[in-house]
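A quick write-up on the structure given underneath.
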Amino acid sequence: MTPEEQFKNLIGHAKEYGFVFQSSEIYDGLSAVYDYGQNGVILKNRLREYWWRAMVQVHDNIVGLDSAIFMHPTVWKASGHVDAFNDPLIDNKDSKKRYRADVLVEEAIAKQEAKIQKEVDKGRAKWGESFDEAQFKATNPNVARIQAKINDTEERLRLSLENADFKALQQLILDLEIVCPISGTRNWTDVRQFNLMFSTEMGAVSGEGGTLYLRPETAQGIFVNFLNVQKSGRMKIPFGIAQTGKAFRNEIVARQFIFRMREFEQMEMQYFVAPGSELEWYATWKAKRLAWHHSLGLGADKYRFHDHLKLAHYANAACDIEYQFPFGFKELEGIHSRTDFDLTRHEQFSGRKLRYFDTESEASYVPYVIETSIGLDRLFLATLAAAYTEEKLEDGSERVVLRLPAFVAPVQVALLPLIKKDGLPELARQIQNSLRFRFLTQYDEKDSIGKRYRRQDALGTPVCLTIDHQSLEDHCVTLRHRDSMQQERIPIAQIHAALEPLLSIESALAGLVG
Ligand code: ATP
């Protein structure tokens with residue numbers, strides 16, 4: 001099965017099992033807006049909780065915040081979003097489809113990278129055990145030629161974006177002979193700028209003065225509250241403020257399911273540090289965030305850092321943590337060294353001082369900021385994509401199983417009485433009641449036990465407990481593990497203790513702290 005087919009199946013599965021629905025589906029949907037169903041909302045909440053607790057509970061010096069979506073309009077002037085939060089767009093005149101010009105170029109680069117990978121695979125097949133990938137890449141003339149082309153393209157892209165030179169960007173698209181995937185032609189318009197912020201109006205005031213924006217990032221709510229939190233919490237630098245919440249961007253190209261949405265959720269943490277120490281903290285947070293991702297168990301080889309070609313106007317270092325989604329390596333989280341840009345701009349625009357007074361050096365200064373910013377929906381997609389498996393079993397049958405991290409699964413323990421009578425349902429309910437306030441449980445007595453196992457596998461339930469006639473006598477149940485399908489007999493009195501390390505967020509957090 002191709003990755004595209006697998007991804008299509010995943011989207012179908014997400015709907016069938018109540019994870020993700022298209023928004024306003026009965027009205028044919030609203031493009032790039034999605035709703036989370038009965039199981040999706042739990043998975044999303046648990047992922048958010050895992051992030052939140054890894055920030056706020058694990059660190060003494062990181063506190064939380066919940067700022068409003070609406071903010072004073074001047075905030076977005078100060079932040080640079082009114083003037084600079086633009087994407088370069090280009091239309092194909094034949095298909096009338098609109099694209100992000102930089103994304104078209106990045107996709108062309110990805111195609112070249114795939115060519116290199118093909119050469120590497122060929123080399124590996126030829127040389128077998130003795131194959132040295134690094135040496136092969138350094139010496140193979142085909143690879144060298146493709147790599148030179150990639151380097152040249154990246155440099156031209158970087159320069160055209162940095163200088164906002166849209167003629168050059170259009171020329172790059174023409175030179176790379178990029179065609180529209182729909183029409184197959186190279187009949188492109190000029191490249192134009194498009195502001196991504198949604199605007200609305202407040203109260204009865206209309207016109208320029210009354211224009212409000214739906215926040216395109218949660219970060220600014222943190223910056224404008226920097227002193228409120230620092231003073232009321234008597235925070236000492238370095239310290240962080242974490243926040244999760246909705247953000248809105250009028251994305252030009254909305255594709256790839258919940259990867260690029262117009263309404264989405266961010267989880268951001270701004271870490272305030274002394275000037276001069278920011279690059280050290282930048283390195284620290286890169287390592288910490290990668291370790292957090294690895295702790296989810298979505299595959300350590302599926303992450304890579306990608307340094308930004310074009311640094312945003314506010315950054316002196318920036319990278320993405322990319323995840324290997326079914327459609328390739330793409331940004332999952334951004335880590336940015338934002339300097340003192342934001343606080344300085346808010347000082348200028350508000351006329352208020354946003355300084356930290358260091359009692360030791362008796363100096364006051366505008367702190368520097370390291371930002372970690374992850375999209376919750378993208379994390380959700382990465383989790384689902386890593387988990388979704390179509391499996392052929394030894395007996396020739398097939399199953400779809402969601403290998404979700406057990407501590408974020410929407411159902412963690414299924415209680416399954418073997419049959420619907422003889423006191424088995426009552427015992428199953430009794431066990432469920434003893435577990436329900438600690439774990440997420442589901443009771444299911446419908447259909448054969450085999451069918452019920454398949455249903456729970458497809459939902460991602462890590463543990464099934466089956467209650468049979470023997471249970472009434474020996475006070476034991478059968479515990480079945482989702483991934484291995486191994487079964488073990490376990491005394492009812494020991495269930496809780498056995499499940500705790502497998503299923504609790506606390507165990508995962510403790511593992512993180514080490
Ligand atoms: P991209 O290059 O993919 O548009 P970005 O660099 O603009 O992303 P940031 O501004 O750094 O993204 O936002 C931080 C995080 O917010 C991203 O790493 C991503 O996980 C998430 N995010 C940004 N835009 C969207 C979106 N349209 N839909 C879902 N998540 C998003």
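Hey, any idea what % of segment 395-513's accessible area is carbon plus sulfur with a 1.4 Å probe?
54 percent
Take the alpha-carbon centre of segment 418-489, take the same for segment 237-266, and report the distance between them in whole Å.
38 Å
What residues qualify as long-range amide H neighbours of PHE239, i.e. H under 5 Å apart, gap of 5 or more or another chain, H built at 1.01 Å from N?
HN-HN under 5 Å from PHE239: PHE272.
Quick check: with the 1.4 Å probe, what order do MET261, MET485 take by accessible area, largest first?
Per-residue accessible area, sorted high to low, gives MET485, MET261.
How much of the DSSP bridge set in the chain is antiparallel, in percent, rounded to the nearest 5?
If we restrict to bridges inside the chain, about 85 percent are antiparallel.
Starting from the Cα gyration tensor of segment 395-513, take the square roots of the eigenvalues, sort them a ≥ b ≥ c, and report rounded, prolate or oblate (rounded when a/c is under 1.5, otherwise prolate if a/b is larger than b/c, else oblate).
Oblate.
What is the log10 of I(q)/I(0) for segment 291-338, computed with the Debye formula using one identical point scatterer on each Cα and no solvent, at q = 0.20, 0.30, 0.32 Å⁻¹?
-0.68, -1.09, -1.17
How many nm separate the modelled label positions at ASN225 and GLN57, each set 7 Å beyond the Cα in the direction of the Cβ?
Simple spin-label model gives 2.0 nm for this pair.
Where a ≥ b ≥ c are the square roots of the eigenvalues of the C-alpha gyration tensor, would you call segment 86-193 rounded, which needs a/c under 1.5, or, failing that, prolate if a/b is larger than b/c, or oblate?
Prolate, since a/c reaches 1.5 and a/b exceeds b/c.
What does the extension gain come out to for ILE69 and ASN316, with contour length at 0.36 nm per residue minus their alpha carbon separation?
Extra length from ILE69 to ASN316 when fully extended: 86.2 nm.
What shape does segment 197-284 take by its C-alpha gyration tensor, where a ≥ b ≥ c are the square roots of the eigenvalues and a/c under 1.5 counts as rounded, a/b above b/c as prolate, and the rest as oblate?
Here segment 197-284 falls in the oblate category.
Order of 193-200, 87-94, 35-42 by packing, highest average Cβ count within 10 Å first?
Answer by packing, highest mean first, reads 87-94, 35-42, 193-200.
Given a Förster radius of 25 Å and the C-beta distance between GLN494 and GLU16 as r, what FRET efficiency does 1/(1 + (r/R0)^6) yield to the nearest 0.05?
Efficiency at R0 = 25 Å is approximately 0.10.
Given a Förster distance of 45 angstrom, what is the FRET efficiency for ALA274 paired with GLU177, based on the Cβ-Cβ distance and rounded to 0.05?
Plugging the Cβ-Cβ distance into 1/(1 + (r/R0)^6) gives 0.35.
Can you send over the solvent-accessible area of VAL463, 1.4 Å probe, protein chains only, in Å² to the nearest 10?
VAL463 exposes around 0 Å² with every protein chain in place.
I'd like the orientation of helix 101-127 relative to the chain: the angle between its Cα long axis and the longest Cα principal axis, in ° from 0 to 90, rounded to 10.
60 degrees
Below 8 Å between Cα atoms, with a sequence gap of 6+, how large is the relative contact order for segment 86-193 in percent?
Averaging sequence separation for qualifying contacts and normalising by length gives 44 percent for segment 86-193.
If each Cα of segment 245-380 is one equal point scatterer, what is log10 of I(q)/I(0) from the Debye formula at q = 0.12, 0.13, 0.15 Å⁻¹?
-0.56, -0.65, -0.83
Given a cut-off of under 8 Å on Cα pairs at least six residues apart, what relative contact order in percent is computed for the chain?
Relative contact order for the chain comes out at 14 percent.
FRET efficiency for SER95 and ASP358, Cβ-Cβ distance as r, R0 = 60 Å, nearest 0.05?
That gives a FRET efficiency of 0.55.
Of ARG480, ARG124, which has the most accessible area with a 1.4 Å probe, and how do the rest follow in descending order?
The residues order as ARG124, ARG480, largest area first.
Cα-Cα over 31 Å: which of LYS8/LYS126; LYS97/LYS310; LYS44/LYS420; LYS118/LYS167; LYS77/LYS167?
Over 31 Å Cα-Cα: LYS8/LYS126; LYS44/LYS420; LYS118/LYS167.
Looking at segment 148-180, which GluC sites (Glu not before Pro) are DSSP coil and have at most 10 other C-beta atoms within 10 Å of their C-beta?
GLU177
Could you work out the helix-only [θ] at 222 nm for the chain, with each DSSP H run of four or more residues adding -39,500 (n - 2.57) and the total divided by the number of residues, to the nearest 500 deg cm²/dmol?
That comes out to -12000 deg cm²/dmol.
What distance in nm separates the two pseudo spin-label positions at ARG438 and ASN45, each 7 Å out from Cα along the beta-carbon direction?
Distance between label points: 2.0 nm.
Obtain the nm distance between the two label points defined at ASP35 and LEU502 by a simple spin-label model: each point lies 7 Å from its Cα along the Cα-to-C-beta direction.
3.4 nm
Starting from one equal scatterer on each C-alpha and no solvent at all, send me the Debye-based log10 I(q)/I(0) for the chain at q = 0.06, 0.07, 0.11, 0.12 Å⁻¹, two decimals.
After summing over all Cα pairs, the log10 values are -0.36, -0.49, -1.11, -1.26.
Would you please state which residues of segment 441-478 a label at GLN430 would reach in this model, taking the label point 7 Å out along Cα→Cβ and a backbone N cut-off of under 16 Å?
What the label zone holds, given the 16 Å backbone N cut-off, is 466-478.
Quick one: putting +1 on the C-beta of Lys and Arg, -1 on the C-beta of Asp and Glu, what dipole do you get for the chain around its Cα centre, in Debye to the nearest 20?
Here the chain has a charge dipole of around 440 debye.
The values are calculated or read from the model by the stated rules, or taken from the named source; none is laboratory data. Everything quoted here is computed from the prediction, not taken from an experiment. Glycine also receives a Cβ, built like all others from the backbone with ideal geometry; neighbour counts cover every protein chain displayed. All accessible areas refer to the heavy atoms of the entire protein, side chains included, with ligands and DNA or RNA removed. Shrake-Rupley method; radii C 1.70, N 1.55, O 1.52, S 1.80 Å.
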